[in-house]
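The block underneath contains the structure these notes are about, expressed in structure tokens.
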Amino acid sequence: MPRRHRAERPPRAPTAERRHGDRRSSFATPGHERESIAQLAAQLIAEHGIADWALAKRKAARQLGLPERGALPGDDEIEDALRDYHVLFGGDEHEATLRAQREEALAWMRRLAGFRPLLVGGVAEGWATEHSDIRLELSADDAKAVELALINGGAAYRSLPPRSADAQADLYIETRRGVVRLTVRTREAARRLPRRDRHGRPETRLDADGVRALLDEAGGSGQARDA
């Protein structure tokens, strides 16, 4: 995906170590070590593209002088911290990146409409960074049917072992707007997916109409381009 010029921010210290140190005072308040780790981990994920969140949490704890094997924040806390980060530092650049990711998602959802695609994860919920995968969940009794559809459509992809135990396959497509990850489950496995997270909040799963509504709400025509 083409790089964009970042919006102007206040001058930063020249090194990553000093930059992280400058923000410790706002994140590491007494009695809030877990939140401090989540905030700094979110910064590392957003600014350095760390895909392994467990690594980001440990690195944040180490930089804050806190135990790496202590009570580290959960992934849901990292997601909340990423939302906070985007509010503070994302600005127009984050909005433009998120819109492009959602447009890319919608284009692929239309191409793969026969597999009941749903947009999930950070692009659906709004906390995605420019490094985040565009995650689509597909329903198919045989993952080979999805692969055949991609081949017939001339789409290059790679297959890796699925990250979820109930998934048949994870297929990755490189696009100029980021990586599209297709997680293929049987229809029965898709029906068994939890509808709420561990805090009782509804899991965000958007169909094509839901993605279209988000784009319309954000303003502009938002026409999805060909993938």
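The C-beta contact set for segment 138-158 (first residue outside any loop (DSSP other than H, G, I, E, B), second residue surrounded by fewer than 18 Cβ atoms within 10 Å (Cβ to Cβ) and modelled with pLDDT under 95, distance under 6 angstrom, 6+ apart or interchain) comprises Ser139/Arg187. Does Glu147 satisfy the criteria of being more than 17 Å from Arg187 (Cα to Cα), in the same structural domain as Leu206 (by TED's automatic domain parsing) and touching a strand residue (DSSP E or B) at 6+ places or on another chain (Cβ under 9 Å)? Here the answer is no, as Glu147 does not meet what is asked.
Scanning segment 79-120 for residues that are of a type in the set (Val, Ile, Thr) and surrounded by fewer than 21 Cβ atoms within 10 Å (Cβ to Cβ) turns up Val87, Val120.
For segment 105-116, state whether one or more residues are touching a Ser or Thr at 6+ places or on another chain (Cβ under 9 Å), assigned by TED's automatic domain parsing to the domain that holds Ile173 and not in a helix (DSSP H, G or I). Yes, segment 105-116 has at least one match. So in segment 50-66, with the set limited to residues that are more than 19 Å from Arg163 (Cα to Cα) and in contact (Cβ under 8 Å) with a residue 12 or more places away in the chain, which one is farthest from the chain's Cα centre (by Cα)? For segment 50-66, the residue satisfying everything is Leu66.
Checking segment 64-78 against the condition returns a match, with at least one residue being at pLDDT 95 or above, part of a helix (DSSP H, G or I) and surrounded by 19 or more Cβ atoms within 10 Å (Cβ to Cβ). Figure legend. Inter-residue proximity from segment 95-115: first residues over 21 Å from Glu147 (Cβ atoms), second residues modelled with pLDDT under 95 and buried (at least 23 other Cβ atoms within 10 Å of the Cβ), beta-carbon distance below 9 Å, spacing 6+ or different chains. No pairs are indicated.
Can you tell me which residue in segment 181-216 is modelled with the lowest pLDDT, limited to those that are under 16 Å from Glu125 (Cβ atoms) and either outside the structural domain of Pro117 (by TED's automatic domain parsing) or aliphatic (A, V, I, L, M) (or both)? Among them, the one singled out is Leu193.
The values are calculated or read from the model by the stated rules, or taken from the named source; none is laboratory data. Please read these numbers as outputs of a predicted model, since none were measured by experiment. Ideal geometry is used to build each Cβ from the backbone, glycine not excepted, and the neighbour counts take in all protein chains shown.
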